[in-house]
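Okay, structure first, notes after.
FYI, it's all coordinate maths here, none of it is from the lab. This is a predicted model, so every value here is computed, not measured. When we count neighbours, we look across all protein chains shown, and the Cβ atoms used for this are built from the backbone with ideal geometry, even at glycine.
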Amino acid sequence: MPELSDIYSEVILEHNRHPRNRGRVESPTHESHCDNPTCGDTIDLSLRVKDGRIEDVKFLGEGCAISQASASIMTQMIKGMSVEDAETLEAEFRRMLLEENYQPDAAMLGDLIALQGVKKLHARVKCAVCAWHALDAALSGAATVSTEEK
């Protein structure tokens, strides 16, 4: 059984206590809602994308420390990125959580690497990817998505 300290690292706890980019983007070009029925997490994501770049991104949500920290770290990292680079970051994050024996690119993932321990408790992976489901949905024009769908 993994130790809680492996999962709730200081980075996760800090982002949960003091989430970055909490709120709603003024005049968003993309919005979505993700629901994780397994844990009760919800993420409402709003973005403003211009010329292929994420100018602003914010989230509102409720749920466990993992889901809220993941959303906070994600928004902090993708703000200012091109949509293409955000999608590359997402792919690396998902590989870290879903692929057995995968050695993630820690430099690319930054603080997201703190969520690597979530992989040890499979049920909590959905908590960590809820915000990323919301990002996918927003960028593809879908209003809502569930962690049960992917």
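On full extension of the chain, what length is gained from GLU26 through MET108, given 0.36 nm per residue of separation minus the C-alpha to C-alpha distance?
Net length gain for the segment: 26.7 nm.
Please compute the length gained on full extension between LEU60 and ASN101, using 0.36 nm multiplied by the number of residues separating them and subtracting their Cα-Cα distance.
Separation in residues times 0.36 nm, less the Cα-Cα distance, equals 11.5 nm.
Among the lysines, select those whose C-alpha is under 27 Å from the C-alpha of LYS79, and discard any that sit fewer than 8 residues away in the same chain.
LYS50, LYS58, LYS119, LYS126, LYS150
Excluding ASP44 itself, calculate the net charge of residues whose Cβ lies under 14 Å from the Cβ of ASP44, where each Lys or Arg counts +1 and each Asp or Glu counts -1.
Residues near ASP44 contribute -1 overall.
What is the distance in Å between the Cα centroid of region 107-150 and that of region 31-62?
Measuring centre to centre over Cα atoms gives 11 Å.
Can you tell me the relative contact order of the chain? Whole percent, Cα pairs under 8 Å, sequence separation 6 or more. Walk me through the intermediate numbers first.
Details: 278 pairs, mean separation 46.3, N = 150.
The normalised contact order for the chain reaches 31 percent.
Within 12 Å, Cβ to Cβ, of ILE113, how many net charges do the neighbouring residues add up to if Lys/Arg are +1 and Asp/Glu are -1?
Numbers: positive: LYS119; negative: GLU92, ASP105, ASP111.
Residues near ILE113 contribute -2 overall.
With charges set only on the Cβ (+1 for Lys and Arg, -1 for Asp and Glu), what does the dipole of the chain come to about its Cα centre, in debye to the nearest 20?
260 debye
Using 0.36 nm per residue, how much length does the chain from MET81 to ALA143 gain when fully extended, once their Cα-Cα distance is taken away?
Taking 0.36 nm per residue and subtracting the Cα distance, the gain is 20.1 nm.
Any idea what angle helix 83-98 forms with the longest principal axis of the chain, computed on alpha-carbon atoms, 0 to 90 degrees, nearest 10?
Approximately 20 degrees, to the nearest 10.
Step by step: find N for the chain, compute 2.2 N^0.38 Å, then divide the Cα radius of gyration by it. What's the final number? Please report the intermediate quantities before stating the final value.
Numbers: Rg = 14.1 Å, N = 150, 2.2 N^0.38 = 14.8 Å.
Ratio of Rg to 2.2 N^0.38 Å for the chain: 0.95.
I'd like the GluC sites (Glu not before Pro) in region 67-128 restricted to DSSP loop residues with at most 12 other Cβ atoms within 10 Å, sorted by number.
GLU99, GLU100
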